[in-house]
1. At a temperature of 37 °C and a viscosity of 0.692 mPa s, determine how fast region 55-96 diffuses translationally according to Stokes-Einstein, using the Kirkwood radius over alpha-carbon pairs as Rh; express D in µm²/s, rounded to the nearest whole number.
2. For region 61-196, with equal point scatterers placed on the C-alpha atoms only and solvent neglected, what are the log10 I(q)/I(0) values from the Debye formula at q = 0.18 1/Å, to two decimals?
3. Based on Cα coordinates alone, diagonalise the gyration tensor for region 73-137, multiply each eigenvalue by 5, take square roots, and list the semi-axes in whole Å, largest first.
4. Give me L129, L91, L325 sorted ascending by neighbouring Cβ count inside 10 Å, so fewest comes first.
5. Can you give me the distance in nm between label points at D197 and K34, each placed 7 Å from the Cα along the Cα-to-Cβ direction?
6. Per-residue ellipticity at 222 nm for the chain, helices alone: DSSP H runs ≥ 4 residues times -39500 (n - 2.57), over residue total, nearest 500 deg cm²/dmol?
7. Over all directions, average the projected area of the Cα convex hull of the chain and note it in nm².
8. Over the residues of region 190-325, compute the C-alpha Rg and express it relative to 2.2 N^0.38 Å.
Amino acid sequence: MSQGTESGQLKKLDIEEFNPTVAEIQRIVGEGKKLTVTDFSDKAQIRIVRSYRLKLREIRVTITKQGKEFRQKALDFQRQVIAKEKELIALVEPEEGRLAAIEDQATAFEEREKRKELLPKRRERLDALHDGIETSDDEILEMDSIPFESYLNKRLYDKNERSRIANEEKERELKEKEERARREQEIKDAEERARADERKRAEEAETKLREERAREERERKERIEREEREAKERAEQTEREAQERADKIEREAKEKVEREERERKEKEEAKIKAEIEQKEKLAKTAKWQKFILSHGYTEEKAGDFYIEVKGNVHSLYKKVGEIVL
């Protein structure tokens, strides 16, 4: 990589730059540990304690400030790496995709040429269906073995289904005729029962009317008592619910603030983790590709190899020969 302006370079990070004087810190901390107060009314002793506390606070604030600056440098470096990674990949991917498309076209052409040998037999099997459907040679050639068998089975199924539906239609018409006769007889029987039931209902209606009036009076009294009781319970319930809503609003507001802060931190951590995992994944993929290519593995020779994965161990085996018996 050629040297350019400072803004175009990936800046080097050095942890040694963030290295406060440990011995000096330990000295001041050690001196502070020796301090005790024997008389809390003695202002001089208290001033010494305060002096050492302020020294330690100044050291702590300085370390925190410097650490924050170095964390920002690390984030800037990470952004530069990601930008450079995208820039380099953008140079490779378009041509890689174009060449892959050419290979796909070649594979499709080769498979179509092989299927031409199967065309007469496929045409014979389709014609044997006698289902009145025309299929062109181009349509047949576009189908691989499994799609063709699925297409053939679908047409055979459709033909059998049409025959089944025709037979069911005949059976349905016969059943409808029998059903109409049965319903007509049921209507006659129902009319006779209705006349008998009407006479019985007239007798029962008078008795039911008297019982209904007595029941309504009881229910009226019970309803009045229940409404008074329910009104009192509703008033108490309304007061409880108002207090609960107020408590809930306060609790939810506090939980929302805590949840949003927690989610913000989790998103930041997840983003950094995902970026690290992506870089590790790309590194492993490149390492694997380099390994198999060094042993002669290519897409054209893939059938001569066998790949085994156990945990993090990836093994590549090569076929030494085959025989048909």
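Every number in this text was worked out from the coordinates using simple rules, so none of it is lab data. Quick caveat: nothing in here was measured; it's all calculated off a predicted structure. So basically every Cβ, Gly included, is an ideal-geometry build from the backbone, and we count neighbours across all protein chains shown.
1. The calculation lands on 255 µm²/s.
2. -1.07
3. 54, 14, 7
4. Lowest to highest Cβ neighbour count: L325, L91, L129.
5. The answer from the label model is 11.0 nm.
6. Theoretical 222 nm ellipticity from helices: -28500 deg cm²/dmol.
7. Result: a mean projected hull area of 52.4 nm².
8. Its radius of gyration relative to the 2.2 N^0.38 Å reference: 2.91.
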